[in-house]
Amino acid sequence: MQQSANPQRSERYRGRISQTFIYLGKLLRMFVYQNDWKVLPMAAVIAGLVSFVLGANLFKTQEGTMSGCFALVCVCIWNGFFNSIQVVCRERSIVKREHRAGLHISAYIAAHMIYQLLLCLMQTGITIVVLKSAGVQFPEKSLVFPNFETDLAVSLFLITYAADMTSLMVSCVVKNTTTAMTVMPFLLIVQLVFSGHFFQLEGAAQALTIFTITRWGTQCLCTLGNFNALPMVALWNMIYRFKDVDMEGYTPILGLLQYMEEEDQKEAFLAWAGQNNQNPNFNFVPKTLLQCWGVLILFSLAFALVGMLFLEYVDRDRR
């Protein structure tokens with residue numbers, strides 16, 4: 001029986017599972033020796049900046065929770081995008097050569113998915129530690145797991161991983177790192193504009209929000225923070241701005257505000273304002289949170305699958 005001309009190569013490409021672990025080992029070595037670990041301190045710095053700016057009102061008021069949760073989602077998306085936006089396209093010529101020699105693209109993508117999962121877990125842990133170190137007060141109630149920190153960690157991880165798989169897909173589609181880095185700002189803008197929480201969108205624009213990570217990520221975190229039970233301070237602040245308005249020698253708004261503060265009615269007013277600013281998408285029930293988690297998981301799998309399908313045609317590159 002004729003032996004293979006290259007036994008080592010035959011062993012290397014004998015099956016998808018073996019190939020997955022071979023490439024996973026390669027990625028882990030790159031993490032250590034090619035400074036891919038630098039994404040971890042970057043995640044800590046970004047989380048620290050958000051905590052410094054928005055941490056005081058996070059999970060305390062509706063406005064603070066909305067802006068803080070959206071900022072945390074942006075942190076997760078930023079981390080996820082930078083994790084994998086160049087990982088495939090920077091070695092596309094190698095993948096092309098290996099694929100012709102017997103590499104299974106599914107094994108290659110699976111190795112990246114496992115590696116990026118580990119990376120996102122580390123970034124999530126760093127973000128939680130930074131938030132707690134910065135003095136952010138976490139709510140006591142949770143929805144799915146026994147404590148809030150676990151629910152928050154799962155939420156942040158799924159948001160980061162969905163963004164990671166988005167950029168992995170892009171890295172599989174484009175042919176060089178320059179194109180990848182050009183596309184990434186566009187992806188960020190789409191996520192920001194079509195989040196559905198900060199810009200007034202109507203019609204088709206509103207319908208597009210269901211395809212954005214920011215929409216489901218913000219809904220996830222606001223639900224977990226019990227947004228609908230928090231006080232709203234925007235109305236009080238708006239009224240306070242007009243406290244010195246003079247009407248024929250009288251300042252009725254100032255008198256009203258002083259009366260409410262003297263009678264300890266301010267907190268009741270803030271609570272009343274919050275009750276009239278509730279969002280049905282943020283209902284504090286496990287079903288809402290689990291729905292968001294399910295959509296984020298679906299996004300992750302769909303983006304990875306699309307990336308794999310595009311990379312299957314790497315042999316057709318004309319370079």
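Under 4.7 Å Cβ to Cβ, no partner at all: give me those cysteines from the chain, in residue order.
That list is C69, C74, C76, C89, C120, C172, C222.
Given the pairs K38/K96; K141/K287; K38/K175, which are separated by over 22 angstrom at their Cα positions? Show your work: numbers first, answer last.
Values: K38/K96 28 Å; K141/K287 15 Å; K38/K175 24 Å.
With Cα atoms farther than 22 Å apart: K38/K96; K38/K175.
Among S167, S18, S67, which one moves the most in a GNM of the chain with springs linking Cα atoms closer than 10 Å?
S18
In Å and whole numbers, how far do the C-alpha atoms of the range 43-172 stretch along each principal axis, longest first?
Cα extents, longest axis first: 57, 29, 22 Å.
Which of the GluC sites (Glu not before Pro) found in the range 228-292 are loop residues per DSSP with 10 or fewer other Cβ atoms within 10 Å of their Cβ? Don't skip to the end; give the middle numbers.
Numbers: sites: E248, E261, E262, E263, E267; in loops: E248, E263.
Answer in residue order: E248, E263.
Rg to Rh for the range 176-237: what is it, with Cα atoms only and Rh by Kirkwood?
Numbers: Rg = 15.4 Å, Rh = 13.7 Å.
Looking at the range 176-237, the ratio lands at 1.12.
So how do Y313, Y161, Y115, Y240 line up by other beta-carbon neighbours within 10 Å, fewest first?
Values: Y313 10, Y161 30, Y115 22, Y240 13.
Final ranking by Cβ density, sparse to dense: Y313, Y240, Y115, Y161.
Dipole magnitude of the chain about its Cα centre, charges +1 at Lys/Arg Cβ and -1 at Asp/Glu Cβ only, in debye to the nearest 20? It would help to have the intermediate numbers written out before the result.
On the way: 24 positive and 21 negative charges, 481 e Å.
Magnitude of the dipole: close to 2300 debye.
What value, in deg cm²/dmol to 500, does the helix sum -39500 (n - 2.57) over DSSP H runs of n ≥ 4 give at 222 nm once divided by the residues of the chain?
Values: 14 runs with 217 residues, N = 319.
Calculated at 222 nm, the ellipticity per residue is -22500 deg cm²/dmol.
For the chain, place one equal point scatterer on every Cα, skip the solvent, and apply the Debye formula. What is log10 of I(q)/I(0) at q = 0.08 Å⁻¹?
-0.46
Every read-out reported here was derived from the displayed coordinates using simple, explicitly stated rules and does not represent laboratory data. Please read all numbers here as calculations on a predicted model, not as lab measurements. Counting neighbours? That spans all protein chains shown, and the Cβs are built from the backbone with ideal geometry, glycine included.
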